[in-house]
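I'd like to ask you about the structure that follows.
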Amino acid sequence: MKEQPRSAHRAAAPIKSLAHRFVYSGLVIGVFALMLLGKADAVLMDRFRAQISDAIAPILGVLGQPVDAISRVIASVRELSSVRQENALLREDKEKLLRWQAVARQLEAENKSLKKLLRYVPDLGAGYVTARVIADTGGAFAQSLLLNAGAGDGVGKGEAVVTGAGLIGRIAVVGNRSAQVLLITDLNSRIPVIVEPTRTRAILAGNNSERPGIIHLPPGATVSPGDRIVTSGHGGAFPPGLPVGVVASVSDSGIRVQPYVDRSRLEYVRVVNYGLRGILRKSLPGGDGGKRGDKKP
Amino acid sequence: MIGNLWHRTDRLARNLSPAGLALALVIIGAVPLHIPGYARVVPMLPLMAIYHWTVFRPQTMPAILVLVIGLLQDALTGLPIGVNALVYLIVYGLVLSQRSFFVGKSFAMLWLGFVLVCVVAAVATWVLVSAYNGILAAPSPVFFQAIATIAIFPFVAWFFLRWQQTFLGYD
């Protein structure tokens, strides 16, 4: 009685393993096809990504809160031990900044009167959306963050993401209530910048290390360690003058920039809507705001 | 009848728990911890789940689940969709075919197996990302990430083993 099912089972085993193998190779081929599709149709994959991050965002938002609270407590305890020194430093800084303020006021007044003389067309004012960083997946290749604000909150693709210290990256994917930030250190990040002391135009290219490099420098340009790097505003994606970092080293293998923003400390960031996208769409045929020459390595 | 239904639901929930754990690890791995330098070496937590359950309870870790874990990881990390999915499937196929080698061996052997798996995953990720972007990515971050993953593995594996003894202790 019992012999029959067992032998049937035994006969079915190779077929079952064959079926499993078939499913497995089917899935591998399917994923390959998906990768090729993603390479060909990035918009479709971005929509897929946005949907998933929209679905996960509320969970991540809740999970992140206790971690944020703990890290805040640790930070405040650490600060307590150095309050005295910090106070002295701050007092010193304040003296310096007051002197700068006087200079800045004077320059501002001068600037205003000169602009009036020249009938200067002012830049558009920027709008901000403040968002919390809910995911920093990290890892060797993933240089991106997830924010808890999306299209519903006024975040748009391509907009600059900043903190008080400087530029972090740009919005790569927008969902309804979440958005993915491509950090300036990512392989695909290309940002038009200028070397501030010499006003030399260049491109800041992420290379997956903590220090992005500078490429496309005009021949004969001189860059030295300590030079400030700010966004140039060329290409219309970013407002000009956002601080990015300082040149850390100059060698034969390239120029490395140390970004101002420390990734591990990011909690709240601002997404800058510079109001340029509307202009670009109107004035440039085919300027869809998605292709800004920063996708191609 | 009711008892039978209850028993089956219970068993189903237990069998689904490895899938839930693996998916939870993907999400937990994405929470920003605000530790300086952590983002560079964040361990590949889902890889541990796939490895462990494929070795000990392969029926709870079907290939399609491995695919879903990989796609979720890709969507959250901002890597090209399919990279992690493919890497996890490669690792899955490798571990499944060599499964008999790991089962019933000491923990050191299990760890050694994971070291191999980790190296394969790191190299595969590096190759895929480099090929996808058409440039050679810097190899050092992969190296450090693999080291961190290998170092964290015993703690996660211990947790998985306890879970397995408690909830998947049959057969």
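Considering only the range B:127-149, state which residues are among the β-branched types (Val, Ile, Thr) and either surrounded by 20 or more Cβ atoms within 10 Å (Cβ to Cβ) or facing chain A (nearest Cβ under 9 Å) (or both).
Within the range B:127-149, B:VAL129, B:ILE135, B:VAL142, B:THR149 meet the criteria.
A further question follows. Looking at A:GLY156, A:GLY169 in this structure, which one is crowded, with 24+ Cβ neighbours inside 10 Å and under 14 Å from the mean Cα position of the chain (by Cα)?
Testing whether each residue is crowded, with 24+ Cβ neighbours inside 10 Å and under 14 Å from the mean Cα position of the chain (by Cα) leaves just A:GLY169.
Scan (1) exposed (fewer than 14 other Cβ atoms within 10 Å of the Cβ); (2) within 12 Å of chain B (Cβ to nearest Cβ) for the single condition A:ASN87 breaks and write down its number.
Condition (2) is where A:ASN87 drops out.
All but one of (1) aliphatic (A, V, I, L, M); (2) away from chain B (no Cβ under 14 Å); (3) surrounded by 22 or more Cβ atoms within 10 Å (Cβ to Cβ) hold for A:LEU183; which doesn't?
Tallying (1) aliphatic (A, V, I, L, M); (2) away from chain B (no Cβ under 14 Å); (3) surrounded by 22 or more Cβ atoms within 10 Å (Cβ to Cβ), A:LEU183 fails exactly one: (2).
Based on this model, can you work out whether A:GLY169 counts as in a strand (DSSP E or B), out of contact with any His (no Cβ under 9 Å at 6 or more places or on another chain) and either outside the structural domain of A:ARG47 (by TED's automatic domain parsing) or without any contact (Cβ under 8 Å) to a residue 40 or more places away in the chain (or both)?
yes
Determine which single condition A:ALA221 fails, assuming it passes every other condition in (1) farther than 16 Å from A:ARG263 by Cβ; (2) surrounded by 16 or more Cβ atoms within 10 Å (Cβ to Cβ); (3) more than 11 Å from chain B (Cβ to nearest Cβ); (4) in contact (Cβ under 8 Å) with a residue 24 or more places away in the chain.
Going through (1) farther than 16 Å from A:ARG263 by Cβ; (2) surrounded by 16 or more Cβ atoms within 10 Å (Cβ to Cβ); (3) more than 11 Å from chain B (Cβ to nearest Cβ); (4) in contact (Cβ under 8 Å) with a residue 24 or more places away in the chain one by one, A:ALA221 breaks only (2).
Checking the condition more than 9 Å from every other protein chain (Cβ to nearest Cβ), free of Cβ contacts under 8 Å to residues at least 60 places away in the same chain, in a helix (DSSP H, G or I) and in contact with a helix residue (DSSP H, G or I) (Cβ under 7 Å, 6 or more places away or on another chain), which residue from B:VAL55, B:VAL66 passes?
B:VAL55
Looking at the range B:87-124 only, could you name the residues that are closer than 13 Å to B:PRO154 by Cα and of a type in the set (Val, Ile, Thr)?
Once the filter is applied, which keeps residues that are closer than 13 Å to B:PRO154 by Cα and of a type in the set (Val, Ile, Thr), the range B:87-124 yields only B:VAL115.
Given the conditions (1) at the interface with another protein chain (Cβ under 7 Å from one of its Cβ atoms); (2) part of a helix (DSSP H, G or I), which single one is not true for B:VAL31?
The number of the failed condition is (2).
Quick check: anything in the range B:70-80 in contact with a strand residue (DSSP E or B) (Cβ under 8 Å, 6 or more places away or on another chain) and part of a loop (DSSP other than H, G, I, E, B)?
Taking every residue of the range B:70-80 in turn, at least one turns out to be in contact with a strand residue (DSSP E or B) (Cβ under 8 Å, 6 or more places away or on another chain) and part of a loop (DSSP other than H, G, I, E, B).
The values are calculated or read from the model by the stated rules, or taken from the named source; none is laboratory data. Quantities reported herein were computed from a predicted structural model and do not represent experimental measurements. When we count neighbours, we look across all protein chains shown, and the Cβ atoms used for this are built from the backbone with ideal geometry, even at glycine.
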